[in-house]
Amino acid sequence: MDRIAIVGGARLEGEIPISGAKNSAIKLMAASLLSDQPLRLTNMPRLADTRFLGKLLRRLGAAVIEMDGPEGSETVLHTPEITSALAPYDLVRQMRASFNVLGPLIARTGHAKVSLPGGCAIGARPVDLHLKALEALGAHIDLNEGYVYAQAPRGLEGATIAFPFVSVGATEHTMLAAVLADGETVLENAAREPEIVDLAECLNAMGAKVEGAGSPTIRIKGVAKLHGAVHAVVPDRIETGAFACAVAMAGGDVTLTQSRPEHVRALLDAMAAAGVELDETVDTIRVRRGAGRLKAADITTEPYPGLATDLQSPFMALMTMAQGVSVIRETIFENRFMHVPELARLGADISIAGNEARVTGVEALTGAQVMATDLRASVSLVIAGLAAKGETVVNRVYHLDRGFERLEQKLGACGANVRRISGDQEEAA
Ligand code: EPU
């Protein structure tokens, strides 16, 4: 297994281009199943998660072609026919968002058998809202031997669905099914994340009639058929936020390009409160920090437009060396402080009570071996390592590879001392 080694202390200077959003790209890839015409996605990130999903889509009958076009990486997905409506456990287990093929499969073929995703390192993550919404659209659902068996032989029907709380995945999944349902679907208390807007724009480009994405009420008028389209994946707001924290932690002057500052407003506000200098244009963010220490700032994670749970651990890493006590509340997932004991290995002073972490800033961190259980936790350890004295080695890099494209090259190009130690090389040595 690969590892990443960081020698802390280098200031960062230059530019970091932001990639397309992982969490949008994988839903857009699933959307391609809804049409027998090709969907061309530009600004595609090349990640372990998009590769996994490509593998699953191929099993279902899709041709998935990755190429480098004039505007960067592209993927063309084309499923003239669904040749199998089965998403097996081994593929859904590797990436839980694979579960989102269920809706498009029922919408297109009237039946599907998709493995339940199971729990994950950040919480139980049930899919009850997804299943209830699909049932409300008329799908008949049975759970058996860890699989969802779904049937809608006469097609899905529009319905009004009021979500009891905000779920990004359930909102997207219901959109993916309702676009081909008969009649109108109204989603109330829908998630408002930029990925929802991106999905709606892509579906509309394919001929769907989705209105209101980005607001709590989404209206979808079902259509009989979708066609092919070209769509550019929205910039990754989590990658943007993580790199902003990385620059603020290391110190220096870096401009994040091809990004959407308004999608990370809550984080930028918290960073500004901590004393980070930020200048933005419509698609760039210049992040600067001089030699002085930052001030502690408090955050609470919330559904969008609140501060993203995926940016909780990067911001916590930043706060480990700020002056004062920062209170960090996690309200989305029940088990998302797994990075805390690892940050403590680097010398951070953090105590946890329930869903609240109190971070007392220290003057220095010291490099150590660390390991993370999920993607966003892993990047927080890289961020801390950029400012720690000596060498930090982050184990289980496959988590990072799931969601950060060329992380070490992007940071290295700005002067960070980051290198990948390949598992193969070590075994050979
Ligand atoms: N929930 C339920 N039942 C459901 C669905 C969700 O109880 O049927 C709960 C979850 O367990 C959680 C809360 O509702 O406590 C919110 O979960 P949500 O459905 O909004 O999250 P998700 O769709 O499973 C996506 C991202 C996550 C990101 C969250 C929140 C993808 C593939 N994943 O998850 O990203 O943290 O939204 O913004 O889009 C990551 O990229 O590392 C990641 C975990």
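For the range 47-144, the solvent-accessible area of protein heavy atoms averages 42 Å² per residue (probe radius 1.4 Å; ligands and nucleic acids excluded).
Starting from 0.36 nm per residue, how many nanometres of slack lie between GLU135 and GLU184 once their C-alpha separation is accounted for? Working shown, then result.
Values: separation 49, 0.36 × 49 = 17.64 nm, distance 1.52 nm.
Computed gain between GLU135 and GLU184 is 16.1 nm.
Accessible area per residue for the range 249-366 is 41 Å², calculated with a 1.4 Å probe on protein heavy atoms, without ligands, DNA or RNA. Annotation: Cα Rg of the range 331-417 relative to the compact-globule expectation 2.2 N^0.38 Å equals 1.10. When the trypsin sites (Lys or Arg not before Pro) in the range 154-263 are filtered for DSSP coil states and for at most 13 other beta-carbon atoms within 10 Å of their beta-carbon, the remaining sites are ARG154, LYS225.
Peptides 311-322, 9-20: what's the order by average Cβ count within 10 Å, highest mean first? All intermediate terms of the calculation are to be shown ahead of the outcome.
Values: 311-322: 26.8, 9-20: 19.8.
Going by the mean number of other Cβ atoms within 10 Å, highest first, we get 311-322, 9-20.
Calculated translational diffusion coefficient of the range 268-353 (37 °C, 0.692 mPa s; Stokes-Einstein with Kirkwood radius over alpha-carbon pairs) equals 237 µm²/s. The length gained on full extension between HIS227 and ASP269, counted as 0.36 nm times the residue separation minus their Cα-Cα distance, comes to 11.0 nm.
For the range 392-422 versus the range 72-113, the spacing of their alpha-carbon centroids is 30 Å.
Spin-label model, ARG419 to ALA162: label points 7 Å out along the Cα-to-beta-carbon direction sit 6.0 nm apart.
Please report the orientation-averaged projected area of the range 1-117, defined via the convex hull of its C-alpha atoms, in nm². Could you put the intermediate results ahead of the total?
On the way: hull surface 36.9 nm².
Quarter of the Cα hull surface area: 9.2 nm².
Looking at the chain, the pairs of alpha carbons with a distance over 34 Å make up 31% of the total.
In this structure the amide hydrogen of THR331, modeled in the peptide plane, comes within under 5 Å of the amide hydrogens of THR301, none closer than 5 places in sequence on its chain.
Phi-derived couplings, Karplus 6.51 cos²θ - 1.76 cosθ + 1.60 at θ = phi - 60°, listed residue by residue for the range 65-79: 10, 9, 8, 9, x, x, 9, x, 6, 9, 10, 10, 10, 9, 10 Hz, with x used for Gly and Pro. Which FRET efficiency value, to the nearest 0.05, do you get for LEU278 and THR373 by plugging their Cβ-Cβ distance into 1/(1 + (r/R0)^6) with R0 = 30 Å? The formula returns an efficiency of 0.45 here. Pull out a ≥ b ≥ c, the square roots of the eigenvalues of the alpha-carbon gyration tensor of the range 282-429, then state rounded if a/c is under 1.5, prolate if not and a/b is larger than b/c, and oblate in the remaining case. Rounded. Counting lysine pairs in the chain whose alpha carbons fall under 22 angstrom apart, excluding pairs fewer than 8 residues apart on the same chain, gives 15.
Of the accessible area of the chain, with the probe set at 1.4 angstrom, what percent is carbon plus sulfur? Solvent-exposed carbon and sulfur of the chain make up 49 percent of the total.
Using a 1.4 angstrom probe, figure out how much accessible area the range 172-230 has per residue, in square angstrom, rounded to the nearest whole.
Details: 2070 Å² over 59 residues.
Value for the range 172-230: 35 Å² per residue.
Rounded to the nearest 20, the Cβ-based charge dipole of the chain about its Cα centre (Lys and Arg +1, Asp and Glu -1) stands at 280 debye. Taking the Cα-to-Cβ direction at GLU391 and at ASP142 and moving 7 Å from each Cα, how far apart do the two end points lie in nm? The modelled label-to-label distance comes out at 5.8 nm. Please find, in a Gaussian network model of the chain (springs between Cα atoms separated by less than 10 Å), the residue of LEU203, LEU346, LEU143 whose mean-square fluctuation is greatest. For the chain, modelled as a Gaussian network with Cα springs under 10 Å, the answer is LEU143. Near the amide H of ILE421, within less than 5 Å, lie the amide hydrogens of ARG3, ILE4, ALA5, all on another chain or at least 5 residues away, with H placed in the peptide plane.
Of the GluC sites (Glu not before Pro) found in the range 302-346, those that fall in a DSSP loop while having at most 15 other beta-carbon atoms within 10 Å are GLU334.
So how much slack lies between ARG154 and GLU81, counting 0.36 nm per residue of separation and subtracting their Cα-Cα distance, in nm? Don't skip to the end; give the middle numbers.
Details: separation 73, 0.36 × 73 = 26.28 nm, distance 1.83 nm.
Answer, rounded to one decimal: 24.4 nm.
The values are calculated or read from the model by the stated rules, or taken from the named source; none is laboratory data. The shown structure was predicted, so the numbers you read here are calculated from the model rather than taken from an experiment. With ideal geometry, Cβ positions are generated from the backbone for all residues, glycine too; neighbour counts draw on all protein chains shown. The area values use the complete protein model at the heavy-atom level, side chains included, leaving out ligands, DNA and RNA. Shrake-Rupley method; radii C 1.70, N 1.55, O 1.52, S 1.80 Å.
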